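The values are calculated or read from the model by the stated rules, or taken from the named source; none is laboratory data. Keep in mind that this is a model prediction, so the values were computed, not measured. Cβ coordinates were reconstructed from backbone atoms using ideal geometry, including for glycine residues, and neighbour counts include every protein chain displayed. Areas reflect the complete protein model, heavy atoms only, side chains present, ligands, DNA and RNA absent. Shrake-Rupley method; radii C 1.70, N 1.55, O 1.52, S 1.80 Å.
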Amino acid sequence: MSALPTKESLTVEFKRDRDLSDGDIVLAAICLANSEGGRLFIGIENNGKVSGATAARQDKDRLGAMIANRTMPPLSVRVSVHMVGADRVTEIEVPRSGQLIGTRDGQFQRRVIKADGTPECVGMQPHDLAGRLSDLGQADFTAQPVPDLTTDAFDPTERERLLRFAKANKGDQSLVSLTPAEFDAALGLTVQDGRKRIPTVAGLLLLGKPDIIASRIPTHEVAFQVLRGSNVLMNEFYRYPLGRVVEQLTDHLKAFAVEQEINIGMLRVSVPSIDRRAFREAVVNALTHRDYARLGQVYVQLSDDLLTVSSPGGFMRGVTLENILRVPPTPRNPRLADAFKRLGLSERTGRGVDIIFEGAVRYGRLAPSYRQSTADSVVLTLDVRPADLSYVEAIVREEQRLGSSLSLNALVVLAKLKAVKRATVAELTEALQLGGDADLARGAVEELVDGGLVQAHGTGKGRSYTMSGQLYRALGQVAAHVRQVGFDTEQQKQMVLNFVRQQGSIRRADVMELCALSGDQASRLLASLASDGNLSKSGERRWAVYKLPR
């Protein structure tokens, strides 16, 4: 058995057995199931001290059946008992549920992290229930009708704005010829209620008058902030219909983003400080995927180095930091997301994340990051530092040679090598989010080797990759290439022999540091020197020492 945890977390809950009721156990299991899942330990104090579980709490079959019988739908858990010194601790493994779990009398709880960093279970309010169902893909908050309103709540100028978007962005052109009532119905902005049509939440978000949006969807707010150093150049808050918000933010981008131009032969290439398509996809993703049942605002902040876009509501079920580039799109608000696609405001395939990534790595910037995201919010950060113009030129020249654009995989590989200088197949597989499929990563990088943009070093498991000398020369960084590639085998041998002459002996670790080699590469180099009679070896494995022969 692995060591028991010593403190509580989002996925670990301690319960002392003294005065513990079955109801307490059921609520604790529900709390974990409605969050990330986790482990409930009976017989451990809040401070992590083991106090032991009573005999009644060690009955594994009874505990599992009791939890299943008192939850709706029945929650299946796995129970085990551990010996800890002279005491026993009962562990209940609770899976993350694909459904909303409650008690039979209608109590729902979820697990949260408090401001002081400690976890607690809290009751779920109606908006929490709606948000959880949206997270699970079991309910679409934006598809809900607003029965006491009519289409008088809509602003006709917003419909015209959306039609302009559809025309300008090559959206669904069949929308252009529809009457207002047909347009609203086609996008799911209204639903039929007897003889009249009433707005949906998506309808209010796209066409609603601002005062009605503020009263009926008070969670909707978008903040835009621009910082230059510590100075705040802009700090605006909007509760407009979403089409107007997108238009407003796009106008702000034009005001604060700058473009450079480089000439490559007869071709003039524009290099933006912020890629417009990536910016729009980031904003649209935040607006269409946010949890409108939860208080909070979509927050867009532009600073000297970063563009940050955050939205309330964590990742949808199945989406993680490790697969966001590959996982099939799962919108929290399908009705709203579909309307944005048909209007041409977002990528029709749902792969807006690809555009966001390409809009960064194409210009030599760091890959986008979602690592500040939490269970309650998705946070995207984009590198907006000045583009590497030499890098952009090298990419464009390669695409001219190929007669086609480099794939996103190729651009991500090059961005990774540019950032970390040298990477293995395993590291590139992780960067490409290929779920451990090293063959796909190897294929992507070897194509770049064949094209002359990447250089391979070594063979087998020790094989690693750097940007090629050709690419380093294009960037004006020849010395950097030499530092990464190191020296040829004969030069490395001479470096080792000189080291031994000066220090008297050498170990494998010394060779790794001296020649910038992996452990296997250093071992092979020493073995070659010993085989040639240039060095003599004493000891084995990590205790091996190499000296000049007598």
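General remarks:
- A simple count of charges around GLY52, restricted to other residues whose Cβ falls under 11 Å of its Cβ and scoring Lys, Arg +1 and Asp, Glu -1, yields +2.
- 11 Å beta-carbon shell around ARG88, net charge (K/R +1, D/E -1): -2
- Listed by chain and number, the aspartates and glutamates whose C-alpha is less than 16 Å from the C-alpha of LYS537, apart from same-chain residues fewer than 8 away, are ASP510.
- Extension gain, SER51 back to ASN169 (0.36 nm per residue minus Cα-Cα distance, nm): 36.0 nm
- The rule of thumb for compact globular proteins, 2.2 N^0.38 Å, goes into the C-alpha radius of gyration of the stretch 59-192 1.72 times.
- Labels on offer are (1) 1.07; (2) 0.98; (3) 1.02, and the one holding Rg/Rh (Cα atoms, Kirkwood Rh) computed from this structure is (1).
- Under the simplified labelling scheme, the ASP87-VAL545 pair shows an inter-label distance of 5.1 nm, with each label point 7 Å from Cα along Cα→Cβ.
- Accessible-area composition of the chain, carbon plus sulfur, in percent [1.4 Å probe]: 49
- Probing with 1.4 Å while keeping every protein chain in the model, the per residue accessible area of the chain equals 48 Å².
- FRET efficiency estimate (nearest 0.05) - Cβ-Cβ, ASP59 to ARG371, R0 51 angstrom: 0.75
- Nearest-0.05 FRET efficiency for ASP19 and LYS209, computed from C-beta distance (R0 51 Å): 0.40
- Difference of contour (0.36 nm per residue) and Cα-Cα distance, THR489 to GLU259: 78.2 nm
- Reciprocal mean inverse distance between Cα atoms of the stretch 379-526 - Kirkwood radius, Å: 17.0
- Anchor LYS341: aspartates and glutamates whose Cα lies under 13 Å away (excluding residues fewer than 8 positions away in-chain): ASP172, GLU281
- Only alpha carbons enter this Debye calculation for the stretch 4-127, each as an equal point scatterer, and the log10 of I(q)/I(0) it gives at q = 0.10, 0.15, 0.17, 0.22 Å⁻¹ is -0.27, -0.62, -0.80, -1.32.
- Among the listed pairs LYS416/LYS493; LYS167/LYS209; LYS7/LYS49, those beyond 21 Å (Cα-Cα): LYS416/LYS493; LYS167/LYS209
- Spatially proximal aspartates and glutamates relative to LYS418 (Cα-Cα < 12 Å; intrachain offsets below 8 disregarded): ASP388
- Leading residue at positive end of dipole, the stretch 418-550 (Cβ point charges), from ALA522, GLN503, GLY460: GLN503
- The candidates LYS416, LYS170, arranged from most to least accessible area with a 1.4 Å probe in the full protein assembly, appear as LYS170, LYS416.
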